[in-house]
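Enquirer: Sending over a structure as structure tokens; questions will come in a sec.
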Amino acid sequence: MKCCKCNVEMVEKKTTFDYLGHEASYPVLRCPVCGQAYVPEELAAGKIADVEKLLEEK
Amino acid sequence: MELAEYSVFSDRCFRDTPPPCAAVCPLAYDVREFIRLMQKGSVRSAYKIIRNSLIFPSVITKICPGTCQNACVRGRIGDGSVDLRSLEQICVDKMAGKDPERYNIPRKQNRAAVIGAGLSGLACAYRLASFGYPVTVYERDSLIGGRFEDGIDRQWVHDEITREFKAVKCDFSMETEIGSLADISAEAVYIATGKDGVPFRDEASGAFSGILLRGGALTGADTMESVRMGLSAAEAINNRLLTSREAGREELEIAVPERSADRRYYDLSYDLGVPEEIPEKGAAEAFRCMRCNCSACYDVCPLMEKHRQYPKKITSEIIVTLKPNKSKRTAVRMLMGCTECGACREACPEKIDMGKCLQEARSDFYESGAMSPAFHDYWLQDMAFCESEEARILQIGDESRPADVLFFPGCQLSASLPEYTAAAYGALKKACDNPAMLLACCGVPAKWAGHRQEYEEIRKQITADWERAGRPTVVTACPSCLESMKTLHPDMKILSYYRFMEQHPEMSGGKNLSGSGKAAGSVKVKVIDPCSGVSEPEMASSVRKLLTDAGYDIINPEPEFACCGFGGHIYNAVPALHDTFAARRTEDIEDTDVIAAAYCANCRDILAYRGADARHVIGMLLGISEERRRPPELSIRRENRRIAKKDLAGENASGSEEAQTEKTEKQGGMTEIRIPEKLIDKMDRELILREQAEEIIRDAEASGNKIFDEKDNRYIAHRKFGTVTIWVVYTVENTVSAAAELSGKADPGSVITVENVYCHRMEIREGP
Ligand code: SF4
Ligand code: SF4
Ligand code: SF4
Ligand SMILES: [Zn+2]
């Protein structure tokens, strides 16, 4: 995975996500220069979706 | 709304109140639970239930006259009352001769006395002893149990009850005649000296200074009522002794309530079926009992079924959920899952309206700020689009005088079947003098989202337009608009298109084509009555009349209002529940030749998605319906509305093809972006618009802000739109020039194919 803007290889980094005033973090690939993130579908439809559901009932 | 007011909604619900059998039984036990256990074959557990209420089950089942049987619902239906006594007897026989389990209760200080060891006194003594009071029973005879007229063996009764008393600590002073209450040293006394017994009424009040009650045959009660009174006396004594009281004599009365069955139970509908094979340990008679209870709303509501909850529980959960600063809001999916279909209200004998209740709760939830905006964002944006310059228009035939009829097609008809709007208006014009049309949204998406204020804004806007048009009669083609506008605009005269058409035969002009080419008359049609039509039964009958006149063969002459799942816009919050609603609605017409004739555009679309030959009644009546027409994809829906406006303003020709050409033009010269049809389906399900995917790609290509996946040779880009972050995975082909290769940007002229699109609601904290 490469960030096309910075032309560098992306590296895994713990990244914070915000939703409804709560936060959660997951390791995702990030561009070490500009910070662009990559969230694969497995993560979006899996863990992220599960946590979204929980937070929606908090 | 005040939190406490929510419980008012379910106040009149009588679910789980005693069924008729239990209501008339003086010892009212939990018949439903008893039967449940008997059906399972758990006789011991069932015995515990009756022992708790009947106190001395072996004796009571012998002497009970079986009042319950006169009240039994099954009996009233004419199928023979359930014989509860025989079931009780099974329990009794199973436990015959066994000593009861002992109660382990801390002993209390206050002493109690009972005069008379008939069933009433014994019941009182037993209950008090089980509460932990030291009790003494005084009996002048040598046997306990009292006398019975019908020759029941007194020794047997004595032995049975004596055995039951092994469970508690209780003293019996037999062959003891009490001459005066002064002989008794206790804080409470129950006098149950039987028919013609001594009432101890004339004594000086100083003789006894405690709590005193009388009951049983002494006060005229029959045997069963006497037992009940004994139990009530024990409870009254316990309550009184638990609260502080001043010393001195205090006489309490035992209230004997009127016992009658709740009539409402007789009007419910029941399944009289009994299983063909009775499970091994189950008692056959137990399966004849229907465990009568009301579940009328639950039976029609997929939401209640999913959450396994009835109105009383729902209202209490709502109250908990709406409390400020709650950390777990258990009713959220319930609030968000109600389609407001009204089916519960229609089914409920008490007309309890859980849809209204849940709607109020949803609005309060929204106003509290705790509701995820993602739930309704899509439709609110859609509504905003309808209300924007691009789509909204009021057009009056002759502006110089008041219009007589204002056509309000509703936002979904023009989105789904754009040429129907024009055709419907064309037909309508034949029946009016100065017609007008308002392309707008009725505001129901705001209501469904819980946005009370926005709903009110739209109401004002519509009123203003209606005033401008000269307060004409409003004719709407959408049942949801009809329902919502009728409540919002009480001073407007509003009709459904179908009612109006029925009143104006000149509109159909003798056309009665089936559209499918088959000879009308042989074409079977199932009318799909939308949930929103339930308050407007005339509309359902007009639709049937018009279709029949057009030669269709209607297979469901009686209206069957139900929700297709669109109502309440529940889809984003509870997609699975939405599908349950939709599946139920489509059940019997998927993949058949029967035409599903819907007069709500949303029902039509949802049924068509699921494989039914669903057609809009307007198209059928005007002879323009097509077989199995697919609903348009989301972005075309918006485009269709633009076209409808242009059409009306006389700027354009109609048709959704137009939408396509226009789009291609807009992309002008830019790289072609291909989205496979399967992916469009997925995007529609996720409520992602084609334009959004295209915009992400164009931005990414222009800015270079994208990721390259070397392994699969594809690009990935994302962007946040309102409440969601959308991701697009795509490939670029035919990058011809070296310059393009160097820059990594797609050449104009190259082909971009979208491979995947997905989204999430959480926001990424990006940046270096
Ligand atoms: S059917 Fe069962 S629950 Fe209903 S009234 Fe008869 S005994 Fe009671
Ligand atoms: S229909 Fe539902 S709300 Fe109405 S009484 Fe029965 S259980 Fe209660
Ligand atoms: S309005 Fe419809 S979805 Fe809502 S609770 Fe009643 S039956 Fe269920
Ligand atoms: Zn970068």
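All of the numbers you see were taken from the coordinates with simple rules; none came from a lab. On a predicted model such as this, the values are computed, not experimentally measured, just so you know. For neighbour counting, all protein chains shown are included, and Cβ atoms are generated from backbone atoms with ideal geometry for every residue, glycine included.
Enquirer: What's the ranking of B:368-374, B:309-315 by average number of surrounding C-beta atoms within 10 Å, highest first?
Expert: B:309-315, B:368-374
Enquirer: Within 9 Å, Cβ to Cβ, of B:Leu322, how many net charges do the neighbouring residues add up to if Lys/Arg are +1 and Asp/Glu are -1?
Expert: So the surrounding residues net to +2.
Enquirer: What's the average, rounded to a whole number, of partner chain beta-carbon atoms within 10 Å of each residue's beta-carbon in A:14-20? Mind dumping the intermediate values first?
Expert: Values: counts 0, 3, 5, 7, 4, 7, 8.
Mean shielding count: 5.
Enquirer: Quick check on chain B: helices-only [θ] at 222 nm, where DSSP H runs of length 4 and up contribute -39,500 (n - 2.57) each and the sum goes over total residues. Nearest 500, please.
Expert: Working: 34 runs with 324 residues, N = 768.
Value at 222 nm, helices only: -12000 deg cm²/dmol.
Enquirer: Mind sorting B:Ile35, B:Ile528 by how few other Cβ atoms lie within 10 Å of their own Cβ, fewest first?
Expert: Listing B:Ile35, B:Ile528 from fewest to most nearby Cβ atoms yields B:Ile35, B:Ile528.
Enquirer: A further question on this structure: Which three lengths, in whole Å and largest first, does the stretch B:546-644 cover when its Cα atoms are put on their principal axes?
Expert: Extents along the principal axes, in whole Å: 41, 34, 22.
Enquirer: If you take the square roots of the eigenvalues of the alpha-carbon gyration tensor of the stretch B:66-128 and sort them as a ≥ b ≥ c, do you get rounded (a/c under 1.5), prolate (a/b over b/c) or oblate?
Expert: Since a/c reaches 1.5 and a/b is larger than b/c, the shape of the stretch B:66-128 is classed as prolate.
Enquirer: Over the alpha-carbon set of the stretch B:491-624, divide Rg by the Kirkwood Rh and report the Rg/Rh ratio to two decimals.
Expert: On the way: Rg = 14.9 Å, Rh = 15.2 Å.
Value, to two decimals: 0.98.
Enquirer: Cα axis of helix B:537-549 to longest principal axis of chain B: angle in degrees, 0 to 90, nearest 10?
Expert: 50 degrees
Enquirer: Quick check: the angle from helix B:575-586's long axis to the longest principal axis of chain B, C-alpha only, nearest 10 degrees?
Expert: Taking the Cα atoms of chain B, the angle to B:575-586 is about 90 degrees.
Enquirer: So which of B:Lys62/B:Lys281; B:Lys326/B:Lys678; B:Lys306/B:Lys545; B:Lys98/B:Lys313; B:Lys313/B:Lys524 end up more than 31 Å apart by C-alpha?
Expert: B:Lys326/B:Lys678; B:Lys306/B:Lys545; B:Lys98/B:Lys313; B:Lys313/B:Lys524
Enquirer: Follow-up question, since we're still on this one. When the dipole is taken about the Cα centre of the protein assembly as shown, and only Lys, Arg (+1) and Asp, Glu (-1) are charged at their Cβ, what size is it in debye, to the nearest 20?
Expert: Dipole of the protein assembly as shown, to the nearest 20 debye: 1300 debye.
Enquirer: Order by neighbour count: B:His569, B:His489, fewest other Cβ atoms within 10 Å first, most last.
Expert: Ordered from fewest to most neighbouring Cβ atoms within 10 Å, B:His569, B:His489 come out as B:His489, B:His569.
Enquirer: Ok, one more. Send over the Kirkwood Rh of the stretch B:112-221, from the inverse of the averaged 1/r over different Cα pairs, rounded to one decimal Å.
Expert: This gives a value of 14.1 Å.
Enquirer: Still on this model: Kirkwood Rh over Cα pairs of the stretch B:348-460 into Stokes-Einstein at 25 °C, 0.890 mPa s: D in µm²/s?
Expert: Working: Rh = 16.3 Å.
My calculation gives 151 µm²/s for D.
Enquirer: Considering every Cα-Cα pair within the protein assembly as shown, what fraction, in whole percent, is farther apart than 39 Å?
Expert: 57 percent
Enquirer: Averaged over B:177-188, how many beta carbons belonging to a partner chain fall within 10 Å of each residue's beta carbon?
Expert: Details: counts 0, 0, 0, 0, 0, 0, 0, 0, 0, 0, 0, 0.
Mean inter-chain Cβ contacts per residue within 10 Å come to 0.
Enquirer: For the stretch B:204-260, what is the convex hull volume of the alpha-carbon atoms per residue, in Å³?
Expert: 89 Å³
Enquirer: Per 10 Å bin from zero, what fraction in whole % of the C-alpha pairs of the stretch B:303-408 is there, up to the bin with the longest pair?
Expert: 12, 33, 23, 17, 11, 4
Enquirer: Taking 7 Å along the Cα-to-C-beta vector as the label spot, tell me the A:Lys14-B:Asp553 distance in nanometres, rounded to one decimal.
Expert: 7.1 nm
Enquirer: Also: Helix B:119-131 versus the longest principal axis of chain B: what angle, 0 to 90°, nearest 10, using Cα atoms?
Expert: 70 degrees
Enquirer: On average, how many beta carbons from a partner chain sit within 10 Å of the beta carbon of a residue in A:27-38?
Expert: Values: counts 0, 1, 1, 4, 4, 1, 1, 4, 5, 10, 7, 6.
What the average comes to for A:27-38 is 4.
Enquirer: Please list, or write none, the lysines whose alpha carbon is within less than 17 Å of the alpha carbon of B:Lys711, excluding same-chain residues fewer than 8 places away.
Expert: Within the straight-line cut-off, B:Lys711 pairs with A:Lys2.
Enquirer: State to the nearest 20 debye the size of the charge dipole of the stretch B:14-164 about its Cα centre, where the only charges are +1 on K and R beta carbons and -1 on D and E beta carbons.
Expert: Values: 22 positive and 17 negative charges, 115 e Å.
Its charge dipole is roughly 560 debye.
Enquirer: Using the number of other C-beta atoms within 10 angstrom as an exposure proxy, rank B:Trp448, B:Trp156 with the fewest first.
Expert: B:Trp156, B:Trp448
Enquirer: At a Förster distance of 41 Å, what's the computed FRET efficiency of B:Glu763 paired with B:Leu3, Cβ-Cβ distance as r, to 0.05? Write down the numbers at each step before the final one.
Expert: Working: r = 31 Å, r/R0 = 0.77.
The computed FRET efficiency comes out at 0.85.
Enquirer: Could the peptides B:79-85, B:329-335 be put in order, highest first, of the mean number of other beta-carbon atoms found within 10 Å of their residues?
Expert: Top to bottom by mean Cβ count within 10 Å: B:329-335, B:79-85.
Enquirer: Shifting gears a bit: Calculate log10 I(q)/I(0) of the stretch A:11-57 for q = 0.13, 0.16, 0.26 Å⁻¹, where I(q) comes from the Debye formula with a single equal point scatterer on each Cα and nothing for solvent.
Expert: Log10 of I(q)/I(0), two decimals: -0.31, -0.45, -0.99.
Enquirer: Out of the DSSP beta bridges found with both residues in the protein assembly as shown, what percent are antiparallel (nearest 5)?
Expert: 50 percent
Enquirer: Under 4 °C and 1.567 mPa s, how fast does chain B diffuse according to Stokes-Einstein, given a Kirkwood radius computed over C-alpha pairs? Answer in µm²/s, whole number.
Expert: Diffusion coefficient, whole number: 40 µm²/s.
Enquirer: Output the relative contact order of the stretch B:112-221, whole-number percent, from Cα pairs under 8 angstrom with separation of 6+ residues.
Expert: The normalised contact order for the stretch B:112-221 reaches 31 percent.
Enquirer: Also, quick follow-up: Translational diffusion coefficient of the stretch B:1-81 at 25 °C, 0.890 mPa s, Stokes-Einstein with Kirkwood Rh over Cα pairs, in µm²/s as a whole number.
Expert: This corresponds to a translational diffusion coefficient of 167 µm²/s.
Enquirer: If you wrap a convex hull around the Cα atoms of the stretch B:437-571, how much volume per residue is inside, in Å³?
Expert: 127 Å³
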